[in-house]
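Novice: My questions will all concern the structure given below.
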Amino acid sequence: MRTQTATSSLGEVLGVSGADEDDLYAAMDWALARKDAIETALAARHLNDGTLVLYDVSSAAFEGRTCPLGKIGHARDGVKGRLQIVYGLLATTAGIPVAIEVFDGNTADPKTLTAQINKLKTGSDCRGWPLSAIAA
C-alpha cells in the first residue's frame with residue numbers, strides 16, 4: 001500500500017490496520033454485489049417527494065491496463081495521457097451520498113447527467129426511489 005495510507009491512523013481507527021490490497025478488493029466486491037440494495041436504502045432514508053438531488057461528476061486516473069472502463073478522456077486532475085474512469089455521485093443537499101455510477105473514462109459530462117436524470121425519472125434503475133420531481 002502507499003506510504004501515506006500505511007502511515008495514517010485511518011486503518012487503526014476503523015479496526016482494519018492489517019488489511020492488505022486483497023482485503024480491499026474483496027470489500028469492494030462485497031459492496032458492489034449489494035450496490036442496488038444500499039442505494040435503495042439510502043434513497044428511502046434521505047430522499048422524499050420533490051427532494052432536490054445534487055449531482056457531481058469527476059474522474060480518476062489509474063495505473064494498469066485491464067479495466068474495461070479505462071479510457072483516455074478529459075483529465076480533470078490535469079494528468080493527461082493516462083487511462084481514467086468517470087464517476088457521477090448523486091447526493092442530498094446536505095451532501096449525503098445516495099448513489100454512484102461509473103462510466104467509461106472518455107464519457108462527456110452531459111452524457112452522464114442524461115443517464116442519471118433518466119434513471120431518476122423512469123425509476124427503471126432506482127428501484128422505486130420516492131422521487132416525483134427532478135431538478136436539473
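Novice: If you check Ile117 against the conditions, is it of a type in the set (Val, Ile, Thr) and either at pLDDT 90 or above or surrounded by fewer than 13 Cβ atoms within 10 Å (Cβ to Cβ) (or both)?
Specialist: For Ile117, the condition - of a type in the set (Val, Ile, Thr) and either at pLDDT 90 or above or surrounded by fewer than 13 Cβ atoms within 10 Å (Cβ to Cβ) (or both) - is not met.
Novice: Just need a number here: residues in the stretch 99-118 that are in a helix (DSSP H, G or I) and within 21 Å of Thr66 (Cβ to Cβ). It would help to see each step written out before you state the result.
Specialist: To start, the set of residues in the stretch 99-118 that are in a helix (DSSP H, G or I) comprises 109-118.
Imposing the further condition that a residue be within 21 Å of Thr66 (Cβ to Cβ) reduces the set to none.
Adding up the residues that qualify gives 0.
Novice: Would you point out the residue of the stretch 82-98, among those that are among the aliphatic types (A, V, I, L, M) and part of a loop (DSSP other than H, G, I, E, B), that is nearest to Glu63 (Cα to Cα)?
Specialist: Leu83
Novice: To continue, here is another question. If Glu63 meets every condition in (1) at negative phi; (2) within 15 Å of the chain's Cα centre (by Cα); (3) not in a strand (DSSP E or B) apart from one, which number is that one?
Specialist: It is condition (2) that Glu63 fails.
Novice: Starting from the stretch 17-37, keep only residues that are within 18 Å of Ala99 (Cβ to Cβ), then list their pairs with residues that are surrounded by 11 or more Cβ atoms within 10 Å (Cβ to Cβ) whose Cβ atoms are within a distance under 9 Å, requiring at least 6 positions of separation or different chains.
Specialist: Pairs found: Ala31/Ile38; Lys35/Ala99; Lys35/Ile100; Asp36/Asp125; Asp36/Arg127; Ala37/Arg127.
Novice: Next up: Going by the conditions given, is Leu54 crowded, with 18+ Cβ neighbours inside 10 Å, more than 26 Å from Tyr25 (Cα to Cα) and either hydrophobic (A, V, I, L, M, F, W, C) or at pLDDT below 90 (or both)?
Specialist: Here the answer is no, as Leu54 does not meet what is asked.
Novice: Looking only at residues in the stretch 38-51 that are farther than 15 Å from Glu101 by Cα and modelled with pLDDT under 85, which one is surrounded by the fewest Cβ atoms within 10 Å (Cβ to Cβ)? Before the answer, list the steps.
Specialist: Taking the stretch 38-51 first, the residues farther than 15 Å from Glu101 by Cα are 41, 44-51.
Checking which are modelled with pLDDT under 85 leaves us with 44, 47-51.
Details: Ala44: 14, Leu47: 21, Asn48: 11, Asp49: 8, Gly50: 11, Thr51: 18.
Per the criteria, the residue is Asp49.
Novice: Being at positive phi and either at pLDDT 85 or above or in contact with a helix residue (DSSP H, G or I) (Cβ under 9 Å, 6 or more places away or on another chain) (or both): is that true of Gly95 here?
Specialist: When the stated conditions are applied, Gly95 passes them.
Novice: Pairs, please: C-beta under 6 Å, at least 6 apart or cross-chain, first residue touching a residue at least 24 places away in the same chain (Cβ under 8 Å) and surrounded by fewer than 18 Cβ atoms within 10 Å (Cβ to Cβ) and in the stretch 72-100, second part of a loop (DSSP other than H, G, I, E, B) and not polar (S, T, N, Q)?
Specialist: Thr93/Leu52
Novice: Okay, next question. Does the stretch 38-47 contain at least one residue that is within 26 Å of Leu120 (Cα to Cα), within 16 Å of the chain's Cα centre (by Cα) and assigned to a strand (DSSP E or B)?
Specialist: The answer is no; no qualifying residue exists.
Novice: Let me ask you something else. For Tyr25, work out the one condition from (1) surrounded by 15 or more Cβ atoms within 10 Å (Cβ to Cβ); (2) in a helix (DSSP H, G or I); (3) hydroxyl-bearing (Ser, Thr, Tyr) it doesn't fulfil.
Specialist: Going through (1) surrounded by 15 or more Cβ atoms within 10 Å (Cβ to Cβ); (2) in a helix (DSSP H, G or I); (3) hydroxyl-bearing (Ser, Thr, Tyr) one by one, Tyr25 breaks only (1).
The values are calculated or read from the model by the stated rules, or taken from the named source; none is laboratory data. Quick caveat, the model's predicted, so the values are computed rather than measured. No Cβ is skipped: glycine too gets one built from the backbone with ideal geometry, and neighbour counts run over all protein chains shown.
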